[in-house]
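Following this message is one structure expressed as structure tokens.
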Amino acid sequence: MKLTRKIQLLVDLPTKEERKEALDLLYQWQNRAYRAANLMVTHLYVQEMIKDFLYLSEGVKYKLADEKKDELGILTGSRINTIYRVVSNRFKGELPTNILTNLKSSLYSSFNRNKLEYWKGERSLKNFKRDMAFPFDTEGMSIMIYDEEKKAFCFRLFKMPLKTYLGRDFTDKKILLERVIKGEVKLCSSHIKLKDGKIFWLPVFELEKENHRLKPSVVAEATLSLEHPIVVKTVRAKLTIGSREEFLYRRLAIQAACKRAQKGATYARGGHGKVRKTKAMAKFQDRERNYVNNRIHIYSRKLIDFCIRHQAGTLILLNQEAKIGIAKNQEFLLRNWSYYNLMTKIKYKAEKAGIELIID
């Protein structure tokens with residue numbers, strides 16, 4: 001299975017001017033990648049929908065194939081090659097070709113997955129924003145090493161020296177990077193995300209599932225609700241994870257503080273538009289988001305640990321469809337339940353532990 005982590009990077013250069021120059025270059029790559037992504041998707045859409053251009057004359061050839069391989073072909077190469085040539089000619093020398101290659105592959109595969117919905121009008125075309133993360137693979141990286149002096153993992157990205165900043169990390173990031181160096185874990189295509197002058201690396205690790213002594217015949221039944229985030233039981237044990245007071249009331253308190261900040265923003269000093277005026281409000285919004293993510297990670301982790309402890313190889317989530325319908329009709333529940341986020345984390349942790357998840 002594949003895991004994605006978020007790791008902060010620092011430019012490993014001695015002077016402030018050199019570090020600023022390197023950061024500016026990364027921002028340039030991000031800008032060109034965002035423009036290239038929108039161009040690629042647009043060209044893919046036009047190529048796919050050209051058969052529906054009914055106003056074209058009957059003599060027009062419209063088969064999406066290489067003209068050298070098919071007499072009805074209208075392209076000078078394969079579809080995936082044509083969109084690459086469009087952006088490589090336009091942005092030649094402005095960003096590494098490795099980024100364009102990975103961008104082309106990911107966009108082409110995602111477009112093919114959704115093209116039927118595009119054709120039916122059930123899905124809008126992807127629109128990439130300026131702050132999108134840009135992809136690259138291990139060919140663009142040098143061999144990673146751990147520098148004892150700097151106490152950081154160091155590597156070069158397209159000849160740019162970078163080092164990790166893990167801070168007070170209590171997760172498995174350092175362990176995963178150490179296993180990459182030893183060759184125990186494979187590092188797949190990754191992304192670089194730039195935000196507020198900081199560099200974040202989103203590496204994808206490919207590793208085997210955890211090996212636990214689970215019994216498929218042992219079934220754990222779990223229910224999700226607002227009163228108690230998770231209640232799980234087996235034949236011999238039962239566990240209530242979280243409570244309404246712990247999760248909901250704390251979240252509502254943060255929301256109330258955000259509303260007070262929103263009312264007070266009218267009288268806040270300006271100077272840089274709405275960003276300065278709404279600074280306090282944005283702080284509380286981030287605090288609520290972080291609090292909810294932290295709680296949901298803890299709840300889902302306790303659920304999976306309970307299943308492992310009791311050797312439950314099957315986990316059933318009961319009566320979820322009915323609860324989703326209720327939540328959709330009640331604005332309060334829809335806003336505060338965080339059902340989808342909790343389900344996503346349970347699925348990922350269950351897959352990692354080798355537990356079969358069934359949603360009833």
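List the chymotrypsin sites (Phe, Trp or Tyr not before Pro) within the stretch 159-210 that DSSP assigns to loop and that have no more than 15 neighbouring Cβ atoms inside 10 Å.
170
Using r as the Cβ-Cβ distance of residue 228 and residue 171, and R0 as 30 Å, what FRET efficiency do you calculate, to the nearest 0.05?
E(calc), rounded to 0.05, equals 0.70.
I've got another one for you. Each label point is 7 Å from the Cα along the Cα-to-Cβ direction; what then is the distance between the points at residue 109 and residue 267, in nm?
5.5
In addition: Go ahead and run the numbers for FRET between residue 147 and residue 39, Cβ-Cβ distance against an R0 of 35 Å, rounding to 0.05.
Step by step, r from the Cβ atoms, then E = 0.35.
Could I ask something else about it? Output the direction-averaged projected area (hull surface divided by four) of the convex hull of the alpha-carbon atoms of the stretch 197-257, in nm².
Result: a mean projected hull area of 8.5 nm².
Related question: Please name which of 101, 140, 249 has its Cα lying farthest along the dipole of the chain towards the positive end, using unit charges on Cβ (Lys, Arg +1; Asp, Glu -1) and the Cα centre as origin.
Of the options given, the answer is 249.
Using a 1.4 angstrom probe on the protein heavy atoms only, could you order 125, 23 from most to least accessible area?
Solvent-accessible surface, decreasing: 125, 23.
Also: Before anything else, pin down the relative contact order of the chain: Cα pairs under 8 Å, at least 6 apart, normalised by residue count, whole percent.
Here the relative contact order equals 17 percent.
Apply the a/c threshold of 1.5 to the C-alpha gyration tensor of the stretch 167-285 and tell me whether it is rounded, prolate or oblate.
Because a/c hits 1.5 or more and a/b fails to exceed b/c, the stretch 167-285 counts as oblate.
May I ask which residue of 315, 262, 293 lies farthest towards the positive end of the charge dipole of the chain, with charges of +1 (Lys, Arg) and -1 (Asp, Glu) on Cβ and the Cα centre as origin?
The one lying farthest along the dipole's positive direction is 262.
I would also like to ask the following. Could you tell me how many degrees, from 0 to 90 and to the nearest 10, lie between the Cα long axis of helix 339-353 and the main elongation axis, the longest principal axis, of the Cα atoms of the chain?
90
In debye, nearest 20, what is the charge dipole magnitude of the chain about its Cα centre with +1 on Lys and Arg Cβ and -1 on Asp and Glu Cβ, if you could check?
So the dipole magnitude of the chain works out to roughly 1360 debye.
Among 353, 46, 87, which residue has its Cα positioned farthest towards the positive end of the charge dipole of the chain, with +1 placed on the Cβ of Lys and Arg, -1 on the Cβ of Asp and Glu, and the dipole taken about the Cα centre?
353
What's the longest uninterrupted piece of the chain once you rule out the trypsin sites (Lys or Arg not before Pro) that are loop residues per DSSP with at most 11 other Cβ within 10 Å?
It works out to 270-360.
Oh, and also: Output ³J(HN,Hα) for the stretch 151-161: one whole-Hz value per residue in order, computed from phi by the Karplus curve 6.51 cos²θ - 1.76 cosθ + 1.60 with θ = phi - 60°, and x for Gly and Pro.
Those phi angles translate into 6, 8, 8, 10, 7, 10, 10, 6, 6, 8, x Hz.
Return the loop-located GluC sites (Glu not before Pro) in the stretch 191-235 (DSSP other than H, G, I, E, B) with at most 12 other Cβ atoms within 10 Å of their own Cβ; answer none if there are none.
208, 227
Express the Stokes-Einstein translational diffusion coefficient of the chain in µm² s⁻¹, to the nearest whole number, given a Kirkwood radius over alpha-carbon pairs, 20 °C and a viscosity of 1.002 mPa s.
So the translational diffusion coefficient is about 87 µm²/s.
In addition: Check each of the GluC sites (Glu not before Pro) in the stretch 93-151 and keep only those in coil by DSSP with at most 10 other C-beta atoms within 10 angstrom; list them in order.
Listed in order of number, the matching sites are 122, 148, 149.
Right, something else. Can you pull the one-decimal nm distance between simple spin-label points at residue 8 and residue 305, each 7 Å off the Cα toward Cβ?
2.7
Cα-Cα over 26 Å: which of 129/150; 198/274; 126/193; 215/238; 163/345; 92/120?
The pairs that break the limit, which is 26 Å between Cα atoms, are 129/150; 163/345; 92/120.
Assuming R0 = 41 Å, can you tell me the calculated FRET efficiency for the pair residue 255 and residue 351, based on Cβ-Cβ distance, to the nearest 0.05?
The formula returns an efficiency of 0.80 here.
Have a look at the DSSP beta bridges in the chain and tell me what percent are antiparallel, nearest 5.
75
Now a separate question. Quantify, in whole percent, the carbon and sulfur part of the accessible surface of the stretch 1-55 (1.4 Å probe; protein heavy atoms only).
The computed percentage sits at 55.
Could you run the Karplus curve 6.51 cos²θ - 1.76 cosθ + 1.60 with θ = phi - 60° over the stretch 30-45 and give me ³J(HN,Hα) per residue in whole Hz, x for Gly and Pro?
In residue order, the calculated couplings are 5, 5, 5, 5, 5, 5, 5, 4, 5, 5, 4, 4, 5, 5, 4, 5 Hz.
The values are calculated or read from the model by the stated rules, or taken from the named source; none is laboratory data. These numbers come from a predicted model, not from an experiment. Note that we place each Cβ from the backbone using ideal geometry, even for glycine, and neighbour counts take in every protein chain shown. Note: accessible area is taken over every heavy atom of the protein model, side chains too, but ligands, DNA and RNA are not part of it. Shrake-Rupley method; radii C 1.70, N 1.55, O 1.52, S 1.80 Å.
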